[in-house]
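The values are calculated or read from the model by the stated rules, or taken from the named source; none is laboratory data. Bear in mind that the values here come from a model prediction, so they are computed numbers and not experimental data. Neighbour counts run over all protein chains shown; Cβ positions are idealised from the backbone, glycine included. Surface areas here come from the heavy atoms of the whole protein model, side chains and all, with no ligands, DNA or RNA. Shrake-Rupley method; radii C 1.70, N 1.55, O 1.52, S 1.80 Å.
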Amino acid sequence: TRTPVNVTVTGAAGQIGYALLFRIASGQLLGADVPVRLRLLEIPQGLKAAEGTAMELDDCAFPLLRGIDITDDPDTGFDGANVALLVGARPRTKGMERGDLLEANGGIFKPQGKAINDHAADDIKVLVVGNPANTNALIAQAAAPDVPGERFTAMTRLDHNRALSQLAARTGVPVSEIRRLTIWGNHSATQYPDVFHAEIAGKNAAEVVDDRTWLADTFIPTVAKRGAAIIEARGASSAASAANAAIDHVHTWVNGTAEGDWTSMGIPSDGSYGVAEGLISSFPVTCKDGVYKIVQGLDINEFSRTRIDASVKELEEEREAVRALGLI
Ligand code: NAI
C-alpha cells in the first residue's frame, strides 16, 4: 500500500477550505489511488470551525483519507507536507491601502514560508490561492531559501477556466474543444487572457472569434472582473470555483497536461517573454512528471504585448512594495 501524501491546507475553516477539503479527501487532487493525510492550518479563532469540518470529513468515510490533523502552529501544520495549499489570507478591508494589505499578508506568508522551509518534505509543492496570490507566493518563496524556488506557484487557473468558459459560450463549442488558452501576468484586474494561440476544434481561436472589439471590450474585462460579478450576484465571493481551480492546478502539476495542450500557472519567471526574472507571473506551461515548463516560442503580437507588459508592471510594483517593507 502507498504511503499517504501529506496535504496541508491553510484557511481550512474558510469558504474555499469548505469547498476544497472534501474533494482532496475523495481523491480528486492527486488521483483516485493516492491516499492522503490532511493538515488543517488555521488561526486560533478558526480552530473550532476546522474541527467541525473535520467531523464532516470523518462522516464521509472517504477510503483514501488516512488522517486529519488540526493546528494553529505553522511548524506543525507544514511538518512533512508534500503539497501545501495556502488559502488563508488577510482580505482587503474598507479604507485599507495596498501597502497595509501587503504588510498584513507578509505577516502571514513570511512565517508560513519559513515553516515550509524548515519542516516540509523535500518534494514540497506550494500553491498560493490567498490574495494577492502572486506576491504572497513571492513572500513565502523568499522566506524559504532551502526550497527550490520553482516549487512556489500562484493560482491563475480560475482565470484560465473562466476564460475557457466565456470563449466556449461565445463560439458555441464545448470547453473540451478549446486548447492552448493562456492567462498572462498577475491574478488581478490587469491579467491578460490570450486567445491568439488558442485553438477551437483545431482552428485558431482569434480567427474563429474574428472580433477584436469583443476581445478587448467584452471578453477580457468579463474574465478579469468575474470575481466581482460573482460577489454581486451571490452575495459572497467565489469559493467552489476557486476550490475547483486549486484542484485543477495541483492535479495538472502532478499528473501532467494533455498532449498538445497547456495550462496557465503563476510561476517564478526565468525571463521568458520579457517578464522580469523572479516575478511570480502567469505563463502558458506544460507539465510532465511533476515538473512544469514554460511554453516557448510563441509570437506575441502588439495587442498582447501591451497587455502583458501592463500586468507585469503591476507585479514589479508589488515586488518593489514588499521589498520596501522588508518582506522579501
Ligand atoms: P475566508 O475568509 O472564507 O477564509 C479564510 C480563512 O483563512 C479563514 O478561516 C481565516 O481564519 C483563515 N486564516 C487567516 N489567516 C490565516 C493564517 N495566518 N493561517 C491560517 N489560516 C488563516 O476566505 P475564502 O473565501 O476562503 O478565500 C481565501 C482567499 O482566497 C482570499 O484571500 C481570496 O481573496 C482568495 N481567492 C483567490 C482566488 C484566486 O483565483 N487566486 C479566487 C478566489 C479567492
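The table that follows gives values for the structure above.
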{"item": "Solvent-accessible area per residue, Å², over the chain with all protein chains present [probe radius 1.4 Å]", "result": "43"}
{"item": "Percentage relative contact order, the chain, counting C-alpha pairs under 8 Å, at least six apart", "result": "17"}
{"item": "Subset of K94/K225; K110/K225; K94/K125; K203/K225 violating a 24 Å alpha-carbon distance limit", "result": "K110/K225; K94/K125; K203/K225"}
{"item": "Sites A233 and E316, calculated FRET efficiency, Cβ-Cβ separation with R0 30 Å, nearest 0.05", "result": "0.35"}
{"item": "Dimensionless Rg ratio for region 154-234, taking C-alpha atoms and the 2.2 N^0.38 Å reference", "result": "1.03"}
{"item": "Linear extension gain, Q15 paired with R212, 0.36 nm per residue minus alpha-carbon span", "result": "67.3 nm"}
{"item": "12 Å beta-carbon shell around V34, net charge (K/R +1, D/E -1)", "result": "+2"}
{"item": "Of all accessible heavy-atom area on the chain, the percent that carbon and sulfur account for (1.4 Å)", "result": "50"}
{"item": "Label-point separation, Q296 to V175 (7 Å along Cα→Cβ), nm", "result": "3.1"}
{"item": "Axial C-alpha extent at least 27 Å, average Kyte-Doolittle at least -1.0 - helices from the chain (DSSP)", "result": "98-119"}
{"item": "Ellipsoid equivalent to region 200-328 - semi-axes via the Cα gyration tensor, in Å", "result": "23, 22, 20"}
{"item": "Protection-proxy order for peptides 125-138, 11-24, 62-75, each taking the mean of Cβ atoms within 10 Å per residue, highest first", "result": "125-138, 11-24, 62-75"}
{"item": "Relative compactness, region 1-153, computed as alpha-carbon Rg over 2.2 N^0.38 Å", "result": "1.01"}
{"item": "Estimated FRET transfer efficiency when R0 is 30 angstrom, pair R92-K48 (beta carbons, to 0.05)", "result": "0.70"}
{"item": "J(HN,Hα) series, region 189-198, from Karplus relation 6.51 cos²θ - 1.76 cosθ + 1.60, nearest Hz, glycine and proline x", "result": "5, 8, 3, 10, x, 10, 9, 5, 10, 6"}
{"item": "Heavy-atom accessible area order for D217, D211, D309, D289, largest first, 1.4 Å probe", "result": "D289, D217, D309, D211"}
{"item": "Distance between modelled label sites at D270 and D122, nm, 7 Å Cα→Cβ extension", "result": "2.2"}
{"item": "Where GluC sites (Glu not before Pro) in DSSP loops with at most 14 other Cβ within 10 Å are excluded, longest remaining stretch of the chain", "result": "98-258"}
{"item": "The chain: Rg to Rh, with Rh as the Kirkwood radius over Cα pairs", "result": "0.95"}
{"item": "Surrounding net charge for S238, when Lys and Arg each add one and Asp and Glu each subtract one, Cβ distance under 10 Å", "result": "+3"}
{"item": "Amide hydrogen neighbours beyond the local backbone of H187, cut-off 5 Å, H modeled", "result": "N134"}
{"item": "Prolate/oblate/rounded label for region 99-165 (Cα gyration tensor, a/c 1.5)", "result": "oblate"}
{"item": "Residues with amide H under 5 Å from that of G256, placed H, sequence gap 5 or more", "result": "G290"}
{"item": "Rh by Kirkwood over Cα pairs, then Stokes-Einstein D for region 83-201 at 0.692 mPa s and 37 °C, µm²/s", "result": "207"}
{"item": "Cα centroid separation - region 264-328 against region 233-259, whole Å", "result": "20"}
